[in-house]
Number of protein chains: 4
Amino acid sequence: MTTQNRFVAETRVQVRYAETDAMGIVHHASYIVYFEEGRSNYIRQRGRSYADFEREGYYLAVTEVNARYVQAAVYDQILRVRCWVEQMRSRGLTFAYEILDDKDRLMVRGYSKHVCLDKAGKVAVIPEAWRLWDK
Amino acid sequence: MTTQNRFVAETRVQVRYAETDAMGIVHHASYIVYFEEGRSNYIRQRGRSYADFEREGYYLAVTEVNARYVQAAVYDQILRVRCWVEQMRSRGLTFAYEILDDKDRLMVRGYSKHVCLDKAGKVAVIPEAWRLWDK
Amino acid sequence: MTTQNRFVAETRVQVRYAETDAMGIVHHASYIVYFEEGRSNYIRQRGRSYADFEREGYYLAVTEVNARYVQAAVYDQILRVRCWVEQMRSRGLTFAYEILDDKDRLMVRGYSKHVCLDKAGKVAVIPEAWRLWDK
Amino acid sequence: MTTQNRFVAETRVQVRYAETDAMGIVHHASYIVYFEEGRSNYIRQRGRSYADFEREGYYLAVTEVNARYVQAAVYDQILRVRCWVEQMRSRGLTFAYEILDDKDRLMVRGYSKHVCLDKAGKVAVIPEAWRLWDK
């Protein structure tokens, strides 16, 4: 994965107590939510909110998610979620993520694949106005 | 709170790792979800699913929730959620809860208040067929 | 509840998609986590982190939580969690909360009661340095 | 992935309202918790609890998780989580998962990779008694 020439959105996340587990660290499923937070912010930084996307009658359904855990984060830690579009197709796209701590150490990296659905749940072409994300 | 002459639904819940926190115990917000699990099961045991309630065009919105924490539960522990209707009114109701461990020790007790809404979000009378819960 | 002459911490929270439910609104248990976020930030704004409190050998266990839901929030909405200390005692304290939207409308209010525990799980006096919160 | 000659644990999960999102379906991160539930039950069915594993001084840290979403589940739906050990090594292992609905339709499949850590956080050999899982 490269971020060369890609728009990268950076989102600050501070670990909540509810996101930790009995191992004393952030539960692995919490990072999937951090990815989503990074993705939401990416879309916002490109000029619109994903809420607008839904208001226009579309959904971005998740078809795959992958996370590789390198370092464990703990309560109160400040993380930086980097998110960019790895691949854009007419009916779907792939977001990539890196989560770093405040010393730029990689904590988690991963990707999520999405397909565009209309209100009826059918696969649809992503509206033109929303496809500039791969620039 | 009394359960005298009330229908009480009992629901078995086994603590998930994701529901614990760095204190090594079940996070306090997880019990609110256990309450909901007990409530869902209560409705099912009365003959219908809350999913049917929504399909008929209604919602039971939560207007208040209260939980008192007596003993902490840990990962893998088997809990018993007791749920009953404490008060039934035409437009809303109150559920009460007790969460016990496998030795019948009280872990958490609480209640939740709900109001019936129609699809437009307006307060509505709970349909007759759904109001037998207070028996 | 009054915030007169009290230190009030304000925390910005933006609703995550994972925090919503099939009703299209924020799930009621998510606000309990927002309360915690407000409480964490309150402690930080008073000069220390709750993580330090734990490092010193203490826990603030939750003994009760209460939330009253006034207005429903939705995905992407920006909320403001106001948190203050309602009552401070030697072995425990009560935090109060108000969650407002960006037009200052009250969405949720509530409180949480806590008791100070030492590493052995015994009720303990809150260390002096941590008791200035009620000013 | 094949389950041929493998011990497969089956776990019943009923979708909780809190696990759905504003799309009206189960949030994608919830399945990661269902995987964990299936894994917990797998370990239990092999004769011990993961809680015992931790009591003996070890952790199974997650190093990677992957989920492919085929069909969306909804509130109240009963799911069957199939879990088995895909690969067992001396210091780690891979669990595989299939989540099916009550008509045996595949909803989600995936895997999680784990490494064994001791209390000090160092990579450790999985104790002999816990390595029979690959049979």
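The values are calculated or read from the model by the stated rules, or taken from the named source; none is laboratory data. Remember, predicted model here, so these are calculated numbers, not experimental data. Here the Cβ is made from the backbone with ideal geometry for all residues, glycine too, and neighbour counts use every protein chain on show.
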| message | I need the full set of residues from segment C:94-116 which are touching a Leu at 6+ places or on another chain (Cβ under 8 Å) and either within 20 Å of C:Arg44 (Cβ to Cβ) or not charged (D, E, K, R) (or both), in order please. | response | C:Glu98, C:Ile99, C:Leu100, C:Leu106, C:Met107, C:His114, C:Val115, C:Cys116
| Could you list, in sequence order, the residues of segment B:81-107 that are acidic (Asp, Glu) and within 21 Å of C:Val65 (Cβ to Cβ)? | B:Glu86, B:Glu98, B:Asp101
| query | Which residues, counting only those in segment C:87-108, are within 30 Å of C:Glu128 (Cα to Cα) and among the aliphatic types (A, V, I, L, M)? | reply | C:Met88, C:Leu93, C:Ala96, C:Ile99
| task | Those residues that are over 18 Å from D:Tyr69 (Cα atoms) and in contact (Cβ under 8 Å) with a residue 40 or more places away in the chain, I need them from segment A:108-128; list them, please. | result | A:Val108, A:Arg109, A:Lys119, A:Ile126, A:Pro127
| Before we move on, is D:Arg46 more than 7 Å from every other protein chain (Cβ to nearest Cβ) and more than 17 Å from D:Glu86 (Cα to Cα)? | no
| message | Checking C:Leu60 against (1) of a type outside the set (Lys, Arg); (2) out of contact with any helix residue (DSSP H, G or I) (no Cβ under 6 Å at 6 or more places or on another chain); (3) outside any strand (DSSP E or B), only one condition comes out false. Which one? | response | (3)
| request: Can you tell me which residue among D:Tyr69, D:Tyr97 is touching a Gly at 6+ places or on another chain (Cβ under 6 Å) and at pLDDT 95 or above? | output: D:Tyr97
| query | Any idea which of D:Ala51, D:Ala22, D:Ala18 is assigned to a helix (DSSP H, G or I), within 11 Å of chain C (Cβ to nearest Cβ) and of a type in the set (A, V, I, L, M)? | reply | D:Ala18
| request: Among the candidates B:Ala18, B:Ala72, single out the residue that is in contact (Cβ under 8 Å) with a residue 40 or more places away in the chain, more than 14 Å from the chain's Cα centre (by Cα) and over 13 Å from B:Arg109 (Cβ atoms). | output: B:Ala72
| task | Mind listing whichever residues of segment C:4-15 are farther than 20 Å from D:Glu19 by Cα and in a loop (DSSP other than H, G, I, E, B)? | result | C:Gln4, C:Asn5, C:Arg6, C:Phe7, C:Val8
| task | Select from segment C:108-125 the residues that are of a type in the set (A, V, I, L, M, F, W, C) and assigned to a strand (DSSP E or B) and write down the one among them that is surrounded by the fewest Cβ atoms within 10 Å (Cβ to Cβ). | result | C:Val123
| query | Based on what the data block shows, is B:Gly92 closer than 24 Å to C:Ser112 by Cβ and modelled with pLDDT of 95 or more? | reply | no
| task | Determine whether segment C:63-86 contains at least one residue that is in contact with a helix residue (DSSP H, G or I) (Cβ under 7 Å, 6 or more places away or on another chain), part of a strand (DSSP E or B), within 14 Å of A:Tyr17 (Cβ to Cβ) and within 9 Å of another protein chain (Cβ to nearest Cβ). | result | yes
| query | Counting just the residues of segment D:93-107 that are in contact with a His (Cβ under 9 Å, 6 or more places away or on another chain) and free of Cβ contacts under 8 Å to residues at least 60 places away in the same chain, which one comes out surrounded by the fewest Cβ atoms within 10 Å (Cβ to Cβ)? | reply | D:Thr94
| message | I need the full set of residues from segment C:52-76 which are surrounded by fewer than 18 Cβ atoms within 10 Å (Cβ to Cβ) and not charged (D, E, K, R), in order please. | response | C:Gly57, C:Thr63, C:Val70, C:Gln71, C:Val74
| Considering residues of segment C:25-41 that are among the hydrophobic types (A, V, I, L, M, F, W, C) and within 14 Å of chain D (Cβ to nearest Cβ) only, the residue surrounded by the fewest Cβ atoms within 10 Å (Cβ to Cβ) | C:Val33
